[in-house]
Amino acid sequence: MSKETPAARPKYADRAYRSVAGIAAGVLLLALGGWLGVDALVRGSGQARALAVAALVAGVPLVVALTLRPVVYAGEERLRVRNPFRTIVVPWGRVEEIRAGYSSEVVTEDATYQMWAIPVSLRARKKANRRRDRAAAGAGGGLFSPSSRPALSDPEMRRPGGTGAGSLDPMADDPTPTADKSIRELRELAHTYADREGAQGPVSVRWAYEIIGPAVAGSLALIIAVAVG
C-alpha cells in the first residue's frame with residue numbers, strides 16, 4: 001500500500017473567526033454615516049459639502065478597520081491575524097501560547113499579538129461560570145446519582161450529541177463563551193500542526209496602508225476644512 005505524501009494530503013479551507021457584533025455595528029455605522037454624508041452633499045452648502053467629504057474619507061476607513069476588517073484565519077500551516085491596521089502571519093511552529101485574559105492573544109518567542117476578531121467578554125465568562133456552578137450544585141438529581149454523574153469538565157458531556165453518557169442530559173450544553181471556545185480550538189490546532197514542516201518559519205507583519213493612507217488623508221482634509229471654515 002502506497003504511503004500518503006505531504007503533497008497528496010488533502011487541503012482544507014482555513015477556519016475564519018470573526019466578531020458578529022463587530023460586523024453588525026460596522027454595517028450600521030456605515031449606513032448611518034452614508035446617509036448623513038449624502039444628505040449633507042445634497043442639501044448642504046459648499047463648506048458643508050467639503051466637511052462631509054472629508055469626514056467620509058476619514059471615517060469610513062476607520063469604521064471598516066475597527067469593525068469589518070478584523071478576522072483570524074487558522075490554516076494547517078499558519079495562523080493569520082488581520083487586525084485593524086496590520087496583518088500578522090504566525091506559523092504554528094512559532095506559537096508559544098494562545099490565551100484569553102482581558103483580550104485574546106497569540107504569544108510567540110519574541111512578541112505578543114492581540115486578536116481583535118475574538119473579543120473577550122468577561123460578563124459572558126462570569127455567566128458561564130455561574131451556570132457551571134449551578135449545574136454542579138444540582139448534580140445530585142436528574143438522570144445520574146452524585147457518584148455516577150459525569151463531570152462537567154468532560155468534553156463528551158459538554159459537547160451536544162457526544163457519545164458519553166452525559167450527552168443524554170439536557171444540562172449538558174457547553175456554556176463556554178464564544179471567545180473561549182475559539183481560543184480552545186486555536187490551541188488544539190497549534191498543538192496538532194506545530195511539528196509540520198510547512199508550519200515553520202518567521203513571523204511576518206504587514207501594515208494596512210490601504211486603511212492608514214485614506215484615514216490620514218481624510219483627517220488632514222477635515223482639519224484643513226475646519227480651519228479654513
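Every number here is computed from the coordinates shown, using simple stated rules; none is lab data. As the structure is a prediction and not an experimental result, all values here were calculated from the model. Methodologically, a virtual Cβ is constructed for each residue, glycine included, from the backbone with ideal geometry; neighbour enumeration extends over all protein chains shown.
What net charge do the residues around S204 carry, taking every other residue with its C-beta under 15 Å from that of S204, with Lys and Arg at +1 and Asp and Glu at -1?
+3
Collect residues whose amide H, placed 1.01 Å from N in the peptide plane, falls under 5 Å from the amide H of R86; neighbours closer than 5 in sequence don't count.
The answer is A208.
Take the Cβ-Cβ distance between S45 and W207 as r, set R0 to 30 Å, and report the resulting FRET efficiency rounded to the nearest 0.05.
0.20
Counting only other residues whose beta carbon sits under 11 Å from that of G93, what net charge do I get with K and R as +1, D and E as -1?
Taking every other residue near G93 into account, the sum is -2.
Mind listing the long-range amide H neighbours of R78? Cut-off is under 5 Å, sequence gap 5 or more, other chains count too, H placed in the peptide plane at 1.01 Å from N.
Here the answer is W92, since their amide H atoms fall under 5 Å of that of R78.
Let me check I've understood the local charge: for A117, count other residues with C-beta under 10 angstrom from its C-beta, Lys and Arg +1, Asp and Glu -1. What total comes out?
Charge balance near A117 sits at +3.
Among 84-90, 209-215, how do they line up from the highest to the lowest mean number of other beta-carbon atoms within 10 Å?
Output ranking for 84-90, 209-215: 84-90, 209-215.
At R0 = 25 Å, how high is the FRET efficiency between A25 and R187 if r is their beta carbon distance? Nearest 0.05 is fine.
It comes to 0.35.
Measure off 7 Å from each Cα along the Cα-to-Cβ vector at L220 and R99, then give the distance between these two points in nanometres to one decimal.
4.1 nm
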